[in-house]
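The block underneath contains the structure these notes are about, expressed in structure tokens.
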Amino acid sequence: MNHSFKAFRLHSSDGVVTRKIESIQLDSLSPGNVVIKVAFSSINYKDALASKGLNNIVREWPRISGIDLTGTIIESWDSRFSPGDEVLVNGYGIGVDHDGGHAQYARVNADWVMKLPLGLTLLDAATIGVAGYTAGLSLDLMELNGLNPQGGPILVTGATGGVATIAIDMLSQKGYQVTAMSGKQNVVEYLKKLGASEVIGRITSDVKFKPLEKAQWAGAIDSVGGSTLSWLTRVMQTNGIIAAFGNAGGAELDTTVIPFILRGVRLIGINANSPMDIREKVWKKIASEYRPTHLNEIATIIGIEELPYYLDLTLAGKSKGRIVIDLSK
Ligand SMILES: NC(=O)c1ccc[n+]([C@@H]2O[C@H](COP(=O)([O-])OP(=O)(O)OC[C@H]3O[C@@H](n4cnc5c(N)ncnc54)[C@H](OP(=O)(O)O)[C@@H]3O)[C@@H](O)[C@H]2O)c1
């Protein structure tokens, strides 16, 4: 295959990162033993940071961004995959130290590739993406620690974000009572449609909270970190479980051991870059018992030309749901 195709590439010169939609050929992609015709990719918060050269996410240039993709194998030098197989790739360094999903073709290591879980389309799996996998992994680990729908309400912070919208959808369809916490105006109807029974505003960071405040939540899925996570540790019910994976609002954690030793609060760290056996197990659940039922409402489907606008919107914390890029055109 030696024709040209479209790619969204990040360049850096004298420390200034620029973004270009370019026409490139396969031989300029990072090496790999499978070639995928990309159908869809998406925007995760990490892509937004990378596209501005923030947090040292990308260190070698030029780089095609996009930490997830779905598509069809067109060439394979690995016996596990054949042309025509529908697949997904999440993480493993794509869009970071290997060219990612924001292009019409990707060449990657077959060890990073997963066959599309039964029952999901390429669009479903891209709408879910790294964000939805993170929501599914959080729920799986919380349930392994005893969370169940009878235990009490679950708080989802950063509620209009990619991970959070899918988490709300998954939790509510599994019978959990969900409260959504959002800093945005006019999103109550949207969040209730996804399955939240209540929507509350963000907590303000300048309030000094006691080590233990009124116990409210049996579980929390936290995209925000910082003062929100600090507050969360203080307001969990006895044996409440917090899944912490995000730092959209800050990376510090200022709390005491009191919630952990008096209420048995459990703080579970979530790293979506899991080994393949965990991914396969969790994706199977995402396609069945956790299956989100509002993917159409969560996805905003855009073309490659609209990437700069939506990356900036995500970085500013102003996007809603999942931004999915249709690379077929
Ligand atoms: N550990 C992992 O493996 C892993 C995997 C995936 C994602 N993440 C992290 O998880 C977080 C969420 O990812 P995402 O893709 O869902 O991002 P996203 O779509 O940008 O959503 C983040 C949400 O957080 C809220 N928010 C943004 N800025 C905030 C601030 N300054 N203070 C309080 N809330 C703020 C906003 O929701 P509202 O406006 O509704 O409040 C925003 O929609 C990010 O930090 C990301 O890096 C980590």
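Only the coordinates and a few stated rules stand behind these numbers; no lab work does. Keep in mind that this is a model prediction, so the values were computed, not measured. Every residue, glycine as well, gets a Cβ built from its backbone with ideal geometry; the counts of neighbours run over all protein chains shown.
In terms of the Cα gyration tensor, with a ≥ b ≥ c the square roots of its eigenvalues, is the chain rounded because a/c is under 1.5, prolate because a/b exceeds b/c, or oblate?
prolate
Rounded to a whole number of µm²/s, how large is the Stokes-Einstein D of region 98-182 at 20 °C and 1.002 mPa s, given Rh as the Kirkwood radius over C-alpha pairs?
146 µm²/s
Given the Cα-Cα distance of Asn296 and Asn145 and 0.36 nm per residue of separation, how much length would full extension add, in nm?
That works out to 51.3 nm of additional length.
Within a Cβ distance under 14 Å of Pro211, other residues only, what is the Lys/Arg minus Asp/Glu net charge? Walk me through the numbers on the way to the answer.
Working: positive: Lys208, Lys210, Lys214, Arg234, Arg263; negative: Glu213, Asp254.
Neighbour charge sum, excluding Pro211 itself: +3.
Specify whether the C-alpha gyration tensor of region 66-126 places it in the rounded, prolate or oblate class, a ≥ b ≥ c being the square roots of the eigenvalues: rounded for a/c under 1.5, otherwise prolate if a/b is larger than b/c and oblate if not.
Here region 66-126 falls in the oblate category.
Rounded to the nearest 5, what % of DSSP beta bridges with both residues in the chain are antiparallel?
In the chain, approximately 60 percent of DSSP beta bridges are antiparallel ones.
Jot down the radius of gyration and Dmax of region 130-269, Cα atoms only, both in angstrom.
Computed over the Cα atoms of region 130-269, radius of gyration and Dmax are 13.6, 39 Å.
With each run of n ≥ 4 DSSP H residues scored as -39500 (n - 2.57), what mean residue ellipticity at 222 nm is computed for the chain after dividing by its residue count and rounding to the nearest 500 deg cm²/dmol? Mind showing how you got there, number by number?
Details: 9 runs with 86 residues, N = 329.
Taken over the chain, the calculation gives -7500 deg cm²/dmol.
With a sphere of radius 12 Å drawn around the Cβ of Asp326, what net charge do the other residues whose Cβ falls strictly inside it have (Lys, Arg +1; Asp, Glu -1)? Write down the numbers at each step before the final one.
Working: positive: Lys6, Lys329; negative: Glu305, Glu306.
Computed value for this residue: 0.
Would you mind ranking Arg63, Arg266, Arg80 by Cβ crowding within 10 Å, fewest neighbours first?
Arg80, Arg266, Arg63
State which helices in the chain qualify, where a helix is a whole DSSP H run, it must extend 20 Å or more along its own axis by its Cα atoms, and its mean Kyte-Doolittle hydropathy must be at least 0.0.
122-144
First select every other residue whose beta carbon is under 14 angstrom from the beta carbon of Thr127; then total the charges, Lys and Arg +1, Asp and Glu -1.
Details: positive: Arg291, Lys320, Arg322; negative: Asp68, Asp124, Asp169, Glu297, Asp326.
That works out to -2.
Does region 197-245 come out rounded, prolate or oblate by the C-alpha gyration tensor, with a ≥ b ≥ c the root eigenvalues, rounded set by a/c under 1.5 and, if not, prolate when a/b is larger than b/c and oblate if not? Don't jump to the answer; show the numbers that get you there.
Numbers: a/c = 1.30, a/b = 1.11, b/c = 1.17.
Here region 197-245 falls in the rounded category.
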